[in-house]
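To keep things clear, I will list the structure first and then write my remarks on it.
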Amino acid sequence: MKRWLRIGGIAFAILLLILIVLPFVINVNRFRPQVQSEASSALGRQVTVGNLSLSLLSGSVGADNIAIADDPAFSKSPFVTAKSLKVGVEVMPLLFSKFNVTYITLEEPQITLLKAANGKWNFSSIGGASAKKEPEPKAGGSAPPAFSVAKLNIDHGKLSVGKVNSSAKPVVYDNVNITVSNFSFNSEFPFQLTAQLPRGGDANISGKAGPINPEDASKTPFQTSVKINNLSIGAIGLVDPASGISGQANFDGTLNSNGSQAKAVGLFTGRQLKFSPKGTPGPKVVTIKHSVDVDLDKEMGTIKQADIAVGSAQAHLTGTFQAQGDTQVVNLKLNAPNMPVDELEPMLPSLGVVVPQGSQLKGGTLSAELGIAGPIDKLVITGPVKLSNTQLANFDLGSKLGALSAFAGKSVSNPNTTIQNASLDARVAPEGTKADNINLNVPAIGVITGGGTVSPEGALAFKMLANLHGGMVGGISQIAAAGSGKGGIPFAVEGTTSNPKFIPDVGGVVGGLAKGELGNVAKGQVPGANNLNNSLGGLLGGKKKQ
């Protein structure tokens, strides 16, 4: 027994000695020119590697100081750099100077992706030579085999995505891990990619890709499932910061491409969303069930379906978008019928919409049919907007119109303003907001019409006409309305959206009254002069005659 133990110990020692000595006996550095040449040929880029080392225990060859050159049309800096590369090899063929690769792992690489103004990427030309069809074998010979490997891995990489000659900072993705099985330029292969997103969040993409397009690798077909969590919308470079659009988003869906046409289908879920430079993050969750077709050659797309939901409020968005330089130009239509105001009200600040300070819209519905057009950072939004059966709580419109009481008889005070209908034609643009054809029906007060503007800073400049009834009607208001020929009393709205000020148009009122009285005199109805005197006295601070 001891004899067999001694033999076993000797055999183990010999094996251990072989494992220790062989890496020194086998000069793997002699394979470095071959490795560099074959890798350069496969990628169509100059590849350089540093010192090679052999590990028999793991059956791998290690290399340091890896660099893959970029397309010279994009950059003189490397496309990929890495401190180390591990290549799995078959040990026995290695003893006979045969270098059979079983897997490749690139450890902690830094990869730079650049896009030119014409839509080309710096990786578009990669692998072009190997991806082309194998040449016909010569007489008495065979065609060289295409590059393939059972496993191709990228571990803990850093991916930087930017644009050529752009002042914008590149978007950086950390902890990028890619696993590819049965990789070949000439056939389809499965893959999985995970990455840490800028400012937190993560992405998980899995599916199949290939064969590599020999003319443009960026147009390689693929079919993928995509899951993205806690994406920071403003951090990924797809939206110009000047647009004010930001927030957190999740995405769960599919992204497929045949190389020229791509299709994205899935569910977008947004939180803390903001849609205006002057807006504040909204507290409610917004979901968008969508289907988008993209023409990769023309860099344009069509939104075939975008069902937007804020709670029970539903809207539908369709239209097109087109890349123009560093921005996207859109031409969209938003159809939003009968959306519950209570669902939308908390989201108004995210749109840059400000109601009077301390007030709140409650109840009723909002409908809109809007066109959304222009560069995404300079959108122009136009179309009709209508509110029905709602209430502006904690805002006393009757009291605000009290300045008109000098010629309106008496004012009506109510802590809330009930609105039967409110409609207008809106135009929202970078230079400000314009509202035309305003028609506001407040049962306790009357009908208010007019139009005006809101500056980007929120300053109001409106010319309005009040056709009063109920408790706010006085004899003088009737005369003024008749005299003006406009069916109401003119006034202005100034101040700001958070603190509006209602100012009577004295010139318009006096002119209307005078015109009314002259008409009465012409008809021989002189008593109206007392009304004129009383009204002027009230407007100018004097006492009315009893």
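The values are calculated or read from the model by the stated rules, or taken from the named source; none is laboratory data. As the structure is a computational prediction, the values presented were derived from the model and not from experiment. Cβ coordinates were reconstructed from backbone atoms using ideal geometry, including for glycine residues, and neighbour counts include every protein chain displayed. Accessible surface areas use protein heavy atoms only, side chains included; no ligands, DNA or RNA. Shrake-Rupley method; radii C 1.70, N 1.55, O 1.52, S 1.80 Å.
Summary of computed values
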quantity: Qualifying residue in the stretch 43-66 (condition: under 46 Å from the mean Cα position of the chain (by Cα), modelled with pLDDT under 70 and surrounded by 12 or more Cβ atoms within 10 Å (Cβ to Cβ)); calculated: yes
quantity: Hits in the stretch 343-398 - residues which are within 24 Å of Ser312 (Cβ to Cβ), part of a strand (DSSP E or B) and hydroxyl-bearing (Ser, Thr, Tyr); calculated: Thr365, Ser367, Ser388, Thr390
quantity: Count of residues meeting criterion [assigned to a strand (DSSP E or B) and either open to solvent by 60 Å² or more (accessible area, probe 1.4 Å) or without any contact (Cβ under 8 Å) to a residue 40 or more places away in the chain (or both)] in the stretch 163-180; calculated: 9
quantity: Subset of the stretch 260-277 [open to solvent by 20 Å² or more (accessible area, probe 1.4 Å) and either out of contact with any helix residue (DSSP H, G or I) (no Cβ under 9 Å at 6 or more places or on another chain) or free of Cβ contacts under 8 Å to residues at least 24 places away in the same chain (or both)]; calculated: Gln261, Lys263, Ala264, Val265, Leu267, Phe268, Thr269, Arg271
quantity: Every pair of residues 6+ apart whose Cβ atoms lie under 7 Å, when the first sits in the stretch 317-339 and is open to solvent by 40 Å² or more (accessible area, probe 1.4 Å) while the second is of a type in the set (Ser, Thr, Tyr); calculated: Thr320/Thr302; Asp326/Ser166; Asn331/Thr320; Lys333/Thr318; Pro337/Ser367; Asn338/Thr365; Asn338/Ser367
quantity: Residue within the stretch 141-161 that is modelled with pLDDT of 80 or more, over 28 Å from Thr102 (Cα atoms) and not aromatic (Phe, Trp, Tyr) present; calculated: yes
quantity: Residue in the stretch 418-429 that is open to solvent by 50 Å² or more (accessible area, probe 1.4 Å), outside any strand (DSSP E or B) and either at pLDDT 90 or above or not aromatic (Phe, Trp, Tyr) (or both) present; calculated: no
quantity: Residue match in the stretch 343-364 (condition: at pLDDT 90 or above and of a type in the set (Val, Ile, Thr)); calculated: no
quantity: Top-ranked residue in the stretch 287-309 [being of a type in the set (Asp, Glu) and part of a loop (DSSP other than H, G, I, E, B); ranked as most open to solvent (accessible area, probe 1.4 Å)]; calculated: Asp297
quantity: Selection from the stretch 236-259 of residues that are more than 20 Å from Ser166 (Cα to Cα), open to solvent by 60 Å² or more (accessible area, probe 1.4 Å) and not in a strand (DSSP E or B); calculated: Asn258
quantity: Test: residue in the stretch 147-162 that is touching a helix residue (DSSP H, G or I) at 6+ places or on another chain (Cβ under 8 Å) and either open to solvent by less than 50 Å² (accessible area, probe 1.4 Å) or under 30 Å from Gly282 (Cα atoms) (or both); calculated: no
quantity: Residue tally, condition assigned to a loop (DSSP other than H, G, I, E, B), closer than 16 Å to Arg271 by Cβ and open to solvent by 30 Å² or more (accessible area, probe 1.4 Å), over the stretch 201-235; calculated: 0
quantity: All positions within the stretch 340-358 that are over 21 Å from Phe268 (Cα atoms), surrounded by fewer than 17 Cβ atoms within 10 Å (Cβ to Cβ) and in contact with a Pro (Cβ under 8 Å, 6 or more places away or on another chain); calculated: none
quantity: Residue match in the stretch 183-197 (condition: within 23 Å of the chain's Cα centre (by Cα) and under 24 Å from Gly325 (Cβ atoms)); calculated: no
